[in-house]
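Presented below is the structure to which this report refers.
The values are calculated or read from the model by the stated rules, or taken from the named source; none is laboratory data. Only a predicted model underlies this, so the values are computations on that prediction, with no experimental measurement involved. As a convention, Cβ positions derive from the backbone with ideal geometry for all residues, glycine included, and neighbour counts pool all protein chains shown. Ligands, DNA and RNA are excluded from the accessible area calculation, which covers all protein heavy atoms including side chains. Shrake-Rupley method; radii C 1.70, N 1.55, O 1.52, S 1.80 Å.
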Amino acid sequence: QKEVEQNSGPLSVPEGAIASLNCTYSDRGSQSFFWYRQYSGKSPELIMSIYSNGDKEDGRFTAQLNKASQYVSLLIRDSQPSDSATYLCAVRDDKIIFGKGTRLHILP
Amino acid sequence: GAGVSQSPSNKVTEKGKDVELRCDPISGHTALYWYRQSLGQGLEFLIYFQGNSAPDKSGLPSDRFSAERTGGSVSTLTIQRTQQEDSAVYLCASSLNGGRVGNTIYFGEGSWLTVV
(Lines give C-alpha, C1' and ligand atoms only; values in the text may rest on other atoms or scores of the structure.)
Protein backbone atom coordinates (compact mmCIF):
# COMPACT_ATOMS: atom_id res chain seq x y z
CA GLN A 1 0.00 0.00 0.00
CA LYS A 2 1.64 3.23 -1.16
CA GLU A 3 1.32 5.97 1.41
CA VAL A 4 1.83 9.69 1.72
CA GLU A 5 2.13 11.00 5.26
CA GLN A 6 1.59 14.52 6.54
CA ASN A 7 1.15 16.03 9.98
CA SER A 8 -2.50 17.06 10.17
CA GLY A 9 -1.75 20.18 12.21
CA PRO A 10 -3.01 22.76 12.75
CA LEU A 11 0.27 24.53 12.20
CA SER A 12 0.10 28.10 13.49
CA VAL A 13 2.61 30.60 12.11
CA PRO A 14 2.80 34.35 12.75
CA GLU A 15 2.18 36.63 9.79
CA GLY A 16 5.44 37.40 7.99
CA ALA A 17 7.22 34.28 9.25
CA ILE A 18 8.22 31.18 7.27
CA ALA A 19 5.77 28.28 7.25
CA SER A 20 7.34 24.84 6.77
CA LEU A 21 5.19 21.93 5.65
CA ASN A 22 6.52 18.39 5.46
CA CYS A 23 5.58 15.17 3.72
CA THR A 24 7.03 11.67 3.51
CA TYR A 25 6.16 8.98 1.00
CA SER A 26 6.58 5.24 0.94
CA ASP A 27 7.26 4.38 -2.72
CA ARG A 28 10.93 4.89 -3.53
CA GLY A 29 10.12 4.74 -7.24
CA SER A 30 7.92 7.84 -7.16
CA GLN A 31 9.09 10.55 -9.53
CA SER A 32 6.58 13.38 -9.42
CA PHE A 33 5.57 15.38 -6.39
CA PHE A 34 3.01 18.10 -5.95
CA TRP A 35 1.76 20.53 -3.36
CA TYR A 36 -1.87 21.59 -3.53
CA ARG A 37 -3.65 24.21 -1.48
CA GLN A 38 -7.28 23.69 -0.50
CA TYR A 39 -9.47 26.35 1.03
CA SER A 40 -12.47 25.20 3.03
CA GLY A 41 -15.28 24.17 0.72
CA LYS A 42 -13.16 24.50 -2.39
CA SER A 43 -11.33 22.04 -4.62
CA PRO A 44 -7.53 21.69 -4.46
CA GLU A 45 -5.41 24.02 -6.55
CA LEU A 46 -1.82 23.38 -7.58
CA ILE A 47 0.88 25.37 -5.80
CA MET A 48 4.09 23.66 -6.85
CA SER A 49 5.34 20.60 -8.66
CA ILE A 50 8.83 19.14 -8.29
CA TYR A 51 10.52 16.23 -10.00
CA SER A 52 14.24 16.53 -9.22
CA ASN A 53 16.20 16.48 -6.00
CA GLY A 54 16.86 19.90 -4.55
CA ASP A 55 14.89 23.11 -4.31
CA LYS A 56 12.43 24.73 -6.64
CA GLU A 57 11.35 28.30 -6.00
CA ASP A 58 8.28 30.15 -7.23
CA GLY A 59 7.65 33.51 -5.64
CA ARG A 60 7.13 33.06 -1.91
CA PHE A 61 6.99 29.27 -2.27
CA THR A 62 9.90 26.83 -2.26
CA ALA A 63 9.49 23.10 -2.72
CA GLN A 64 12.27 20.82 -1.54
CA LEU A 65 12.72 17.20 -2.58
CA ASN A 66 15.02 14.57 -1.10
CA LYS A 67 14.43 11.26 -2.83
CA ALA A 68 16.99 9.40 -0.73
CA SER A 69 15.04 10.30 2.41
CA GLN A 70 11.68 10.08 0.62
CA TYR A 71 10.82 13.51 1.86
CA VAL A 72 9.28 16.55 0.24
CA SER A 73 8.60 19.89 1.87
CA LEU A 74 7.03 23.25 1.11
CA LEU A 75 8.29 26.52 2.53
CA ILE A 76 6.12 29.63 2.45
CA ARG A 77 8.05 32.84 3.07
CA ASP A 78 6.47 36.05 4.36
CA SER A 79 3.33 34.17 5.35
CA GLN A 80 0.06 36.00 4.79
CA PRO A 81 -3.37 35.42 6.35
CA SER A 82 -4.56 34.39 2.87
CA ASP A 83 -2.15 31.44 3.08
CA SER A 84 -4.36 29.91 5.77
CA ALA A 85 -5.62 26.71 4.19
CA THR A 86 -5.03 22.98 4.08
CA TYR A 87 -1.94 21.96 2.13
CA LEU A 88 -2.01 18.59 0.41
CA CYS A 89 1.09 16.71 -0.59
CA ALA A 90 0.65 14.41 -3.59
CA VAL A 91 2.89 11.76 -5.11
CA ARG A 92 2.50 10.29 -8.56
CA ASP A 93 3.25 6.86 -9.92
CA ASP A 94 0.52 6.14 -12.42
CA LYS A 95 -2.25 7.46 -10.24
CA ILE A 96 -1.76 10.31 -7.81
CA ILE A 97 -1.95 9.59 -4.11
CA PHE A 98 -2.64 12.42 -1.68
CA GLY A 99 -1.71 12.86 1.93
CA LYS A 100 -4.45 13.84 4.35
CA GLY A 101 -3.20 17.42 4.39
CA THR A 102 -1.79 19.86 6.92
CA ARG A 103 -3.97 22.68 8.16
CA LEU A 104 -2.02 25.94 8.20
CA HIS A 105 -3.18 28.94 10.18
CA ILE A 106 -1.41 32.27 9.74
CA LEU A 107 -1.82 34.43 12.81
CA PRO A 108 -2.36 38.14 11.99
CA GLY B 1 -13.61 23.55 -22.10
CA ALA B 2 -11.35 25.79 -20.05
CA GLY B 3 -11.40 23.59 -16.98
CA VAL B 4 -12.72 20.35 -15.55
CA SER B 5 -16.49 20.54 -15.36
CA GLN B 6 -18.58 18.49 -12.97
CA SER B 7 -22.30 18.09 -12.57
CA PRO B 8 -24.40 18.26 -10.55
CA SER B 9 -22.63 20.62 -8.19
CA ASN B 10 -24.93 19.54 -5.38
CA LYS B 11 -27.11 16.47 -5.02
CA VAL B 12 -29.35 15.42 -2.17
CA THR B 13 -30.68 11.90 -2.47
CA GLU B 14 -32.57 9.44 -0.34
CA LYS B 15 -30.84 6.43 1.08
CA GLY B 16 -31.13 3.50 -1.31
CA LYS B 17 -31.42 5.56 -4.48
CA ASP B 18 -28.87 5.47 -7.28
CA VAL B 19 -26.93 8.58 -8.29
CA GLU B 20 -24.84 9.50 -11.30
CA LEU B 21 -22.12 12.12 -11.22
CA ARG B 22 -20.66 13.50 -14.42
CA CYS B 23 -17.20 14.80 -15.27
CA ASP B 24 -16.06 16.64 -18.39
CA PRO B 25 -12.25 16.74 -18.40
CA ILE B 26 -10.13 19.48 -19.93
CA SER B 27 -10.14 19.12 -23.69
CA GLY B 28 -7.27 16.94 -24.88
CA HIS B 29 -6.57 15.41 -21.48
CA THR B 30 -6.35 11.65 -21.70
CA ALA B 31 -6.04 10.88 -17.99
CA LEU B 32 -9.06 11.22 -15.70
CA TYR B 33 -9.34 10.62 -11.96
CA TRP B 34 -12.12 10.39 -9.43
CA TYR B 35 -11.50 11.13 -5.76
CA ARG B 36 -13.80 11.31 -2.77
CA GLN B 37 -13.39 13.69 0.15
CA SER B 38 -15.49 13.35 3.26
CA LEU B 39 -15.92 16.36 5.53
CA GLY B 40 -12.61 17.30 7.11
CA GLN B 41 -10.81 14.36 5.55
CA GLY B 42 -8.17 13.89 2.87
CA LEU B 43 -8.67 12.88 -0.74
CA GLU B 44 -9.50 9.22 -1.21
CA PHE B 45 -8.55 7.79 -4.62
CA LEU B 46 -11.41 6.00 -6.35
CA ILE B 47 -10.60 5.27 -9.99
CA TYR B 48 -8.19 6.32 -12.75
CA PHE B 49 -8.67 6.21 -16.52
CA GLN B 50 -5.75 6.57 -18.91
CA GLY B 51 -6.51 6.60 -22.62
CA ASN B 52 -7.77 3.24 -23.84
CA SER B 53 -6.12 1.25 -21.05
CA ALA B 54 -8.16 -0.69 -18.55
CA PRO B 55 -9.04 1.64 -15.67
CA ASP B 56 -7.41 1.33 -12.27
CA LYS B 57 -10.40 0.61 -10.06
CA SER B 58 -8.40 -0.24 -6.97
CA GLY B 59 -9.86 2.60 -4.91
CA LEU B 60 -13.56 1.88 -5.38
CA PRO B 61 -14.87 1.18 -1.85
CA SER B 62 -17.53 -1.37 -2.79
CA ASP B 63 -19.32 -2.93 -5.74
CA ARG B 64 -21.99 -0.26 -5.40
CA PHE B 65 -19.53 2.11 -7.04
CA SER B 66 -18.74 2.03 -10.74
CA ALA B 67 -17.44 4.42 -13.34
CA GLU B 68 -17.16 4.55 -17.06
CA ARG B 69 -15.57 6.85 -19.55
CA THR B 70 -17.13 7.11 -22.97
CA GLY B 71 -15.16 8.08 -26.04
CA GLY B 72 -12.10 8.84 -23.97
CA SER B 73 -13.68 12.03 -22.68
CA VAL B 74 -16.72 12.34 -20.41
CA SER B 75 -16.86 10.12 -17.35
CA THR B 76 -19.77 9.07 -15.17
CA LEU B 77 -19.42 7.83 -11.61
CA THR B 78 -22.42 5.79 -10.49
CA ILE B 79 -23.28 4.95 -6.90
CA GLN B 80 -26.00 2.36 -6.49
CA ARG B 81 -28.18 1.97 -3.40
CA THR B 82 -26.63 4.99 -1.74
CA GLN B 83 -25.82 4.90 1.96
CA GLN B 84 -25.36 7.79 4.38
CA GLU B 85 -21.63 7.12 4.54
CA ASP B 86 -21.46 7.92 0.82
CA SER B 87 -22.09 11.58 1.66
CA ALA B 88 -18.99 13.45 0.52
CA VAL B 89 -17.70 15.67 -2.21
CA TYR B 90 -16.70 13.72 -5.29
CA LEU B 91 -13.83 15.38 -7.13
CA CYS B 92 -12.90 14.72 -10.71
CA ALA B 93 -9.48 15.65 -12.08
CA SER B 94 -7.72 15.34 -15.42
CA SER B 95 -4.21 15.55 -16.76
CA LEU B 96 -2.70 15.73 -20.22
CA ASN B 97 -1.68 12.10 -20.04
CA GLY B 98 -0.66 9.49 -17.54
CA GLY B 99 2.78 8.34 -16.59
CA ARG B 100 5.18 8.89 -13.78
CA VAL B 101 6.73 12.22 -14.64
CA GLY B 102 5.05 15.56 -14.90
CA ASN B 103 1.46 15.87 -15.98
CA THR B 104 -0.10 17.99 -13.32
CA ILE B 105 -3.70 17.14 -12.55
CA TYR B 106 -6.37 19.79 -12.43
CA PHE B 107 -9.52 19.47 -10.35
CA GLY B 108 -13.11 20.31 -11.01
CA GLU B 109 -15.21 22.07 -8.40
CA GLY B 110 -16.67 18.80 -7.17
CA SER B 111 -20.10 17.26 -6.79
CA TRP B 112 -21.38 17.53 -3.23
CA LEU B 113 -23.47 14.48 -2.42
CA THR B 114 -25.70 14.28 0.62
CA VAL B 115 -27.56 11.05 1.35
CA VAL B 116 -30.49 11.49 3.73
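For the residues of A:95-102, the average number of beta carbons from a partner chain within 10 Å of their own beta carbon is 6. Look at the stretch B:30-37: the mean tally of other chain Cβ atoms within 10 Å of its residues' Cβ atoms is 2.
Please report the antiparallel percentage of the DSSP beta bridges confined to the protein assembly as shown, to the nearest 5. So the antiparallel bridges in the protein assembly as shown amount to around 90 percent. Take every Cα-Cα distance within chain B, group them into 5 Å bins from 0 onward, and report for each bin the whole-number percent of pairs it holds. Computed distribution, short to long bins: 2, 13, 23, 26, 19, 10, 5, 1, 0. Counting only protein chain heavy atoms and rolling a 1.4 Å probe, the accessible areas of A:LYS42, A:LYS100 rank, largest first, as A:LYS100, A:LYS42. Of A:LYS42/B:LYS17; A:LYS100/B:LYS17; A:LYS2/B:LYS11; A:LYS42/A:LYS67, which ones are farther than 28 Å apart at the Cα? Pairs exceeding 28 Å: A:LYS100/B:LYS17; A:LYS2/B:LYS11; A:LYS42/A:LYS67.
Across segment B:31-105, C-alpha contacts under 8 Å between residues 6 or more apart give a mean separation that, scaled by the residue count, equals a relative contact order of 34 percent.
Length gained on full extension, A:ALA17 to A:ASN66: 15.3 nm, using 0.36 nm per residue less the C-alpha separation.
Reducing segment A:1-62 and segment B:63-114 to their Cα centroids gives an inter-centroid distance of 23 Å. On chain A, 47 percent of the accessible area sits on carbon and sulfur atoms, based on a 1.4 Å probe. So, for segment A:1-77, what is the accessible surface per residue at a probe of 1.4 Å, expressed in square angstrom? Per-residue accessible area for segment A:1-77 comes out at 51 Å². The listed peptides B:50-57, B:30-37, ordered by packing as a protection proxy, come out as B:30-37, B:50-57 (highest mean of other Cβ atoms within 10 Å first). Residue ranking by accessible heavy-atom surface, 1.4 Å probe, largest first, among B:SER111, A:SER69, A:SER84 comes out as A:SER69, A:SER84, B:SER111. Note on chain A: with a GNM built from Cα contacts shorter than 10 Å, the maximum mean-square fluctuation among A:GLY16, A:GLY59, A:GLY29 falls on A:GLY59.
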